Amino acid sequence: MSWTYTLAELAQAVGASVPTGNASHSSEGGSMDAGLKVPEQSFSSVSTDTRSLKPGDVFFALSGENFDGNSFVPQAFEKGAIAAVCERPVPGGPCIVVDEPLRRLQDFAAWHRNRCPANVIAITGSSGKTTAKDLTAAVLASKYPVVKTQGNLNNDIGCPLSLLLMDRDTRHAVIEMGANHAGEIAALCRIARPDEAAVTIVAPAHLEGFGTIEGVARAKAEIVAGLKAGGMFYVNVDNPWCLAMAKAHNGPKMYFGAHGDVVLRSCTFDEAGEMVLDIDPVGVLRLPLAVRAHATNVLLAAAVALRHGIVEIEAPLRAACASLSRFKTLSVGPLTVLDDAYNANPASMAAALEALADRHVAGARIAVLGEMLELGAAAADLHREVGRAAARFGVAHLFTYGPHGADMAAGATEAGVPHAEALDDHGAIAAAVCRVAVPGDALLVKGSRGVRMETVIEALKQLYGG
């Protein structure tokens, strides 16, 4: 059952004046009855995007570097918004005028969260947090009504919007929290007030914002400090930074990994390429996952499930794995292509290369790796280390892209990769792959979002005729 609030309650929640006037649009798009009192109008959902706005929503006019959210308010009213939270009055409907609509969206989400009895589970980490969120939500949803962060909308906009999805029936909300600067996770926790929290892993990522790995760890630890009194912390015992957070947390803890409450006895791959995990006390799970590092995310989901009385987890986990959008396997010409072009940092690069090594292939292993962004002064050394990792995981041909591509190639050559080459064009990389690839080879494509490594895959499709 949805929560329903009046415009007067919304105004109170965001610290603004109650809107007046009745020149509004109804949820069917027509004019409101002149006798209807604006503050008493009710709503149960909000929108920040007129493209997806539904009749009856309240529109929050968020602005960005390149657009003014207030300019979309007339369109929101035309599509049936019953009110707008904006920086200046706009004709067409009731306007709750505020100084910062984004901050007021966060205020409203916090106000709403304080009225919801749902158990909020917050998840962050240098990598794996979206997968961990999806797997955790899936096992909980097998028994309870669950809300989760949609996609990877884990920032100061996505977090409040996710919290506002909670209704009266919601038992658990699984909220992903991302950050690239200190203080951002703490701010999200002030909105979400989590009852439980987990950090998947601490590793070098967003170093331009955090400075050092110690800075990354301090930022991730904000999620533990942001727990409500007596909040549960799920601890990855295989990561020393997470263990350090556990020592500083006085509340209850569940440990998962090589030892603890949920223990990974073994992780292998069968002939079909599925991951086979033997977990104490869960038993053997067989899941369509290609990346060994995702075992950590499965263990976290298992720990949450056990805490909340769920024992049978393989079926919901399999369903969630099948819908994961990352690390896709494609057939392009003679190649099996592992498409992990979505994003990258040193930890996820190593995990992807390990997945390439784990894959049963008849031929050679080829990797196309784009630059990892936001690594600051450590970028050259970290890219060189990725090149060395390519050698450890048996890459025969490495093609790199981006200003630090040469560092990756140099590290690979030093470590013994037979063929490592830095190129400055996606099409040239695709052509180079075609020259060396033969039937039975497997190709990994990965890089930071900003270097668009999926372009290489599209070029390969064209070269191979689709």
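The values are calculated or read from the model by the stated rules, or taken from the named source; none is laboratory data. Everything numeric in this text was worked out from a predicted model, so none of it was measured. Using ideal geometry, Cβ is built from the backbone for each residue, glycine included, and neighbour counts are taken over all protein chains shown.
I need the full set of residues from region 397-430 which are within 27 Å of K461 (Cα to Cα) and either surrounded by fewer than 16 Cβ atoms within 10 Å (Cβ to Cβ) or among the hydroxyl-bearing types (S, T, Y) (or both), in order please.
Result: T400, Y401, P403, P418, D424, D425, G427, A428.
Which numbered condition trips up G387, out of (1) under 22 Å from I213 (Cβ atoms); (2) surrounded by fewer than 19 Cβ atoms within 10 Å (Cβ to Cβ)?
(2)
Based on this model, can you work out whether L330 counts as buried (at least 23 other Cβ atoms within 10 Å of the Cβ) and in contact (Cβ under 8 Å) with a residue 24 or more places away in the chain?
Answer is no for this residue.
Looking at (1) over 28 Å from E458 (Cβ atoms); (2) in contact (Cβ under 8 Å) with a residue 60 or more places away in the chain; (3) touching a Pro at 6+ places or on another chain (Cβ under 9 Å); (4) in a helix (DSSP H, G or I), which is the only condition R318 fails?
Result: R318 passes all but (2).
Looking at R88, R115, which one is closer than 20 Å to S2 by Cβ and over 24 Å from the mean Cα position of the chain (by Cα)? Write out each step before concluding.
Working: R88 fails: closer than 20 Å to S2 by Cβ.
Selected residue: R115, the only one of R88, R115 that is closer than 20 Å to S2 by Cβ and over 24 Å from the mean Cα position of the chain (by Cα).
Checking F210 against (1) surrounded by 16 or more Cβ atoms within 10 Å (Cβ to Cβ); (2) at pLDDT 95 or above, which single condition isn't satisfied?
F210 satisfies every listed condition except (2).
Of the conditions (1) out of contact with any strand residue (DSSP E or B) (no Cβ under 6 Å at 6 or more places or on another chain); (2) over 26 Å from F269 (Cβ atoms); (3) not in a helix (DSSP H, G or I), R384 clears all except one; give me its number.
All conditions pass for R384, except number (3).
Quick check: anything in region 428-446 out of contact with any strand residue (DSSP E or B) (no Cβ under 7 Å at 6 or more places or on another chain) and within 17 Å of A350 (Cα to Cα)?
Taking every residue of region 428-446 in turn, none turns out to be out of contact with any strand residue (DSSP E or B) (no Cβ under 7 Å at 6 or more places or on another chain) and within 17 Å of A350 (Cα to Cα).
Does G128 fit the bill of being surrounded by 22 or more Cβ atoms within 10 Å (Cβ to Cβ), at pLDDT below 95 and not acidic (D, E)?
So G128 fits the description; yes.
For K228, indicate whether it is part of a helix (DSSP H, G or I) and of a type in the set (D, E, K, R).
Here the answer is no, as K228 does not meet what is asked.
When you scan region 347-368, do you find a residue that is in contact (Cβ under 8 Å) with a residue 24 or more places away in the chain, surrounded by 20 or more Cβ atoms within 10 Å (Cβ to Cβ) and part of a loop (DSSP other than H, G, I, E, B), even just one?
Within region 347-368, not a single residue is in contact (Cβ under 8 Å) with a residue 24 or more places away in the chain, surrounded by 20 or more Cβ atoms within 10 Å (Cβ to Cβ) and part of a loop (DSSP other than H, G, I, E, B).
Restricting to region 159-185, what's the tally of residues that are over 15 Å from V120 (Cα atoms) and crowded, with 16+ Cβ neighbours inside 10 Å?
Of region 159-185, the ones over 15 Å from V120 (Cα atoms) are 178-184.
Those still in the list that are crowded, with 16+ Cβ neighbours inside 10 Å too: 178-179, 184.
Within region 159-185, residues that are over 15 Å from V120 (Cα atoms) and crowded, with 16+ Cβ neighbours inside 10 Å number 3.
When you scan region 76-132 for strands (runs of 3 or more DSSP E) that lie fully inside it, which ones turn up with 1 or more residues that are closer than 20 Å to P39 by Cα and without any contact (Cβ under 8 Å) to a residue 40 or more places away in the chain? Even if it seems obvious, please write down each step before you answer.
Values: elements: 83-86, 95-97, 119-124.
Passing ranges, in order: 83-86.
Every residue, every condition in (1) within 19 Å of L356 (Cβ to Cβ); (2) modelled with pLDDT under 95; (3) within 30 Å of the chain's Cα centre (by Cα), yes or no:
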| residue | (1), (2), (3) |
| --- | --- |
| E421 | yes, no, no |
| I429 | yes, no, yes |
| A432 | yes, no, no |
| L444 | yes, no, yes |
| M453 | yes, no, yes |
| I457 | yes, no, yes |
| G466 | no, yes, no |
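Evaluate region 243-254: report whether one residue or more is part of a strand (DSSP E or B) and more than 21 Å from the chain's Cα centre (by Cα).
Narrowing region 243-254 to residues part of a strand (DSSP E or B): 253-254.
Then drop every residue that is not more than 21 Å from the chain's Cα centre (by Cα), which leaves 253-254.
Scanning region 243-254 turns up at least one residue that is part of a strand (DSSP E or B) and more than 21 Å from the chain's Cα centre (by Cα).
From the list L264, L300, pick out the single residue that is over 27 Å from A182 (Cα atoms) and surrounded by 19 or more Cβ atoms within 10 Å (Cβ to Cβ). Break it down into steps so the answer makes sense when it comes.
Working: L300 fails: over 27 Å from A182 (Cα atoms).
The unique qualifying residue is L264.
For region 281-295, enumerate the residues that are in a loop (DSSP other than H, G, I, E, B) and hydrophobic (A, V, I, L, M, F, W, C).
Correct list: V282, L289, A290, V291.
Would you mind finding the one in L382, L375 that is farther than 25 Å from T329 by Cβ, outside the structural domain of G215 (by TED's automatic domain parsing), modelled with pLDDT under 95 and surrounded by 19 or more Cβ atoms within 10 Å (Cβ to Cβ)?
Working: L382 fails: modelled with pLDDT under 95.
That would be L375, the only listed residue that is farther than 25 Å from T329 by Cβ, outside the structural domain of G215 (by TED's automatic domain parsing), modelled with pLDDT under 95 and surrounded by 19 or more Cβ atoms within 10 Å (Cβ to Cβ).
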